[in-house]
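Note sheet for the following structure.
The values are calculated or read from the model by the stated rules, or taken from the named source; none is laboratory data. Please read these numbers as outputs of a predicted model, since none were measured by experiment. Backbone-built Cβ (ideal geometry, glycine too); neighbour counts: all protein chains shown.
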Amino acid sequence: MRIIVGIIALGLATSVQAEVVKAEPAGFETAATVTIAAPPQVVWDTLRSPTKWWNAEHTYSGDAKNLYIDSQATGCFCEKIPGDTPTTRGSVEHARIVYSQPPKMLRLQGALGPLQAEAVTGTMTFTLTPEGAGATKVTLTYVVGGYIRGGAEKIAPLVDKVMTLQLDGLKAAAVATPPAT
């Protein structure tokens, strides 16, 4: 099933094409694509700064300012969990970077959100392709396999919506980034 999702962000209508490519009890694949009116380096720099684009509702701390990406192999897409004292502060590893080729591709492995409590492996790939003069096509795929209580095919559409939301946030943040001087 192919869906076109239109989300209003920063007062601008954006369009992300997304789909659940395949969903079975033991795994699923989602894919989303968007063209961003910014050059690949700007999109890459924005991608590396999830505080600017990741939706805070999909964090453990409730605040995207606690997210960070160390965008080299073995680096972390992680989140700080604030606490009142050093002994009550925590952290979450959302995914680990397994491939980084600026400004073309970033691949991470990890089970995001509720998938973290399941026996699964997830591979998320952001592919950035120049699109005409000053634009970038971003393709986001997320492939998850393993054991998910209740079946992966049931959670796949929800994960697809969340990934689409994140990609839309990336677009909004990248076009809002002032050009380098």
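Structural remarks
- Residues that are under 11 Å from Ala38 (Cα atoms), of a type in the set (S, T, N, Q) and modelled with pLDDT of 95 or more within the range 130-181 comprise just one, Thr136.
- Identity of the residue in the range 92-112, aliphatic (A, V, I, L, M) and free of Cβ contacts under 8 Å to residues at least 40 places away in the same chain, that ends up surrounded by the most Cβ atoms within 10 Å (Cβ to Cβ): Leu108
- Given (1) touching a Leu at 6+ places or on another chain (Cβ under 8 Å); (2) touching a residue at least 40 places away in the same chain (Cβ under 8 Å); (3) in a strand (DSSP E or B), number of the condition Val120 does not satisfy: (1)
- Residue selected from the range 75-91 under the condition in contact with a Lys or Arg (Cβ under 9 Å, 6 or more places away or on another chain) and not in a strand (DSSP E or B), by the criterion surrounded by the most Cβ atoms within 10 Å (Cβ to Cβ): Gly75
- Residue match in the range 7-26 (condition: modelled with pLDDT under 95, in contact with a helix residue (DSSP H, G or I) (Cβ under 7 Å, 6 or more places away or on another chain), under 22 Å from Thr121 (Cα atoms) and crowded, with 19+ Cβ neighbours inside 10 Å): yes
- Total residues in the range 42-67 satisfying the condition of being of a type outside the set (Asp, Glu) and assigned to a helix (DSSP H, G or I): the figure is 13.
- Residue that is of a type in the set (Val, Ile, Thr), touching a Leu at 6+ places or on another chain (Cβ under 6 Å), outside any loop (DSSP other than H, G, I, E, B) and closer than 25 Å to Trp44 by Cβ, where the choices are Val144, Val138, Val98: Val138
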